[in-house]
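Worksheet for the structure shown next.
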Amino acid sequence: MKSLHGKVALVAGATRGAGRGIAIELGASGATVYVTGRTTRAKRSEYNRPETIEETAELVNRAGGKGIAVQVDHLEPDQVRDLVARIEQEQGRLDILVNDIWGSEYLVQWSVPVWEQSLEGGLRMLRLAVDTHINTSHFALPLLIRSGNGLVVEMTDGTEEYNRQNYRLSLFYDLAKTSAIRMARSLAHELAPHQCTAVALTPGWMRSEIMLEHFGVKEENWRDAASKEPHFMISETPRFVGRAIAALAADPKVSRWNGQSLSSGQLAQVYGFHDLDGSRPDCWRYIVEVQDAGKPADVTGYR
């Protein structure tokens, strides 16, 4: 069943990783999905990686939806304004906005105090993680409100509870991921009178293209990475969090989540979806109860 047939989504930051997985799953549910990013087949971003927005759009089509790739730098307000104007002209509506823009994997300096970090790199990270989301919401929300019963998802890393209790190994990274959670709460307050819903959502330990390369594995043999990092056995595909958003978007009572911080593993228990391998990895519970507790890696009961 195509539960999102007739719905229009914008996945901002869909070149790779979670954004790509989300776009594919929204397409699999029948949505028309605008996928944005900076890297196209004609030009790469500063990441200098091979994944492109055209590939993501093709994967959306293959999944059963309609993918539309648009090159956008969400730090540039005029480009975001033009994007939303195009969506309005072509579709006349916007039902789902996913703010997934990040673009800072190569800027993070882990376990380095702020006075020893690159100030330029850290401040750019905040711009990429915060300014881009605000620009997109500023221009896209009037169209989403007009469509009625819209859903906004602020993608982040870590639940509100976990991030409140734990230092995320870099001041700039900590600020960036906490900001997305707070933005979701603020948007929830502003959107509630318009019968729209905003949430923050985190995947677990996600097997993105960059993460797989880090461990020297591919999706087909990802379990081999456990020899280097045993806790990697709790990891999940980018499609898992995509299924979480598809479930939220199809839920007629989605407003019950308004303003909350959610995780893919948590929503899998509520909505009953699985990852591609048929499991339901509950990463954040595992991290607290096993990894951070210093116990040996054992995913029994957690996926």
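The values are calculated or read from the model by the stated rules, or taken from the named source; none is laboratory data. Worth saying up front: this structure is predicted, and the values here are computed from it rather than measured. Don't worry about glycine lacking a Cβ; one is built from the backbone with ideal geometry, like all the others, and counts go over all protein chains shown.
Within the option set 128, 107, being surrounded by 14 or more Cβ atoms within 10 Å (Cβ to Cβ), under 20 Å from residue 210 (Cβ atoms) and touching a Lys or Arg at 6+ places or on another chain (Cβ under 8 Å) holds for one residue only, 107.
The rows are residues; the columns are (1) within 23 Å of residue 262 (Cβ to Cβ); (2) among the small types (Gly, Ala, Ser).
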residue	(1), (2)
124	no, no
133	yes, no
144	yes, no
147	yes, yes
169	yes, no
193	yes, no
199	yes, no
210	no, no
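Taking the stretch 259-271 as the range and being farther than 16 Å from residue 206 by Cα and buried (at least 20 other Cβ atoms within 10 Å of the Cβ) as the test, only 261 passes. Inside the stretch 59-118, can you point out the residues that are basic (Lys, Arg) and over 17 Å from residue 134 (Cβ atoms)? Selection gives 62, 66, 86, 93.
None of 124, 81, 93 is among the basic types (Lys, Arg), in contact (Cβ under 8 Å) with a residue 12 or more places away in the chain and under 30 Å from residue 171 (Cβ atoms) except 124. Scan the stretch 205-244 for residues that are touching a residue at least 24 places away in the same chain (Cβ under 8 Å) and not in a helix (DSSP H, G or I) and report the count. Of the residues in the stretch 205-244, 7 are touching a residue at least 24 places away in the same chain (Cβ under 8 Å) and not in a helix (DSSP H, G or I). Within the span defined as the stretch 280-293, every residue fails to be free of Cβ contacts under 8 Å to residues at least 40 places away in the same chain, surrounded by fewer than 22 Cβ atoms within 10 Å (Cβ to Cβ), farther than 26 Å from residue 65 by Cβ and of a type in the set (Val, Ile, Thr).
Here residue 223 does not qualify as of a type in the set (D, E, K, R) and either within 22 Å of residue 152 (Cα to Cα) or at pLDDT below 95 (or both). Only one entry in 70, 35 is buried (at least 24 other Cβ atoms within 10 Å of the Cβ) and of a type outside the set (Ser, Thr, Tyr), namely 35.
Taken over the stretch 38-64, the criterion of being surrounded by fewer than 19 Cβ atoms within 10 Å (Cβ to Cβ), touching a helix residue (DSSP H, G or I) at 6+ places or on another chain (Cβ under 7 Å) and over 25 Å from residue 247 (Cβ atoms) is satisfied by 40, 41. Where helices (runs of 4 or more DSSP H) fall entirely within the stretch 14-126, those with at least 3 residues that are within 24 Å of residue 202 (Cα to Cα) and at pLDDT 95 or above are at 17-28, 53-63, 119-126. Looking across the stretch 176-199, the residues that are surrounded by fewer than 17 Cβ atoms within 10 Å (Cβ to Cβ) and either aromatic (Phe, Trp, Tyr) or in a helix (DSSP H, G or I) (or both) come down to 182, 186, 189, 190, 192, 193, 194. Just to be sure, is residue 191 farther than 19 Å from residue 129 by Cα and not acidic (Asp, Glu)? Here the answer is yes, as residue 191 does meet what is asked.
Does the stretch 123-169 hold any residues that are under 21 Å from residue 282 (Cα atoms) and among the aliphatic types (A, V, I, L, M), and which are they? Passing the criteria: 153, 155.
Note on the stretch 134-175: among residues that are surrounded by fewer than 21 Cβ atoms within 10 Å (Cβ to Cβ) and aliphatic (A, V, I, L, M), the one that is nearest to the chain's Cα centre (by Cα) is 134. If you take the residues in the stretch 200-244 that are of a type in the set (Val, Ile, Thr) and closer than 17 Å to residue 279 by Cα, which one is surrounded by the fewest Cβ atoms within 10 Å (Cβ to Cβ)? Result: 237. All of 303, 280, 285 fail the test of being in a helix (DSSP H, G or I) and over 11 Å from residue 203 (Cα atoms), apart from 285.
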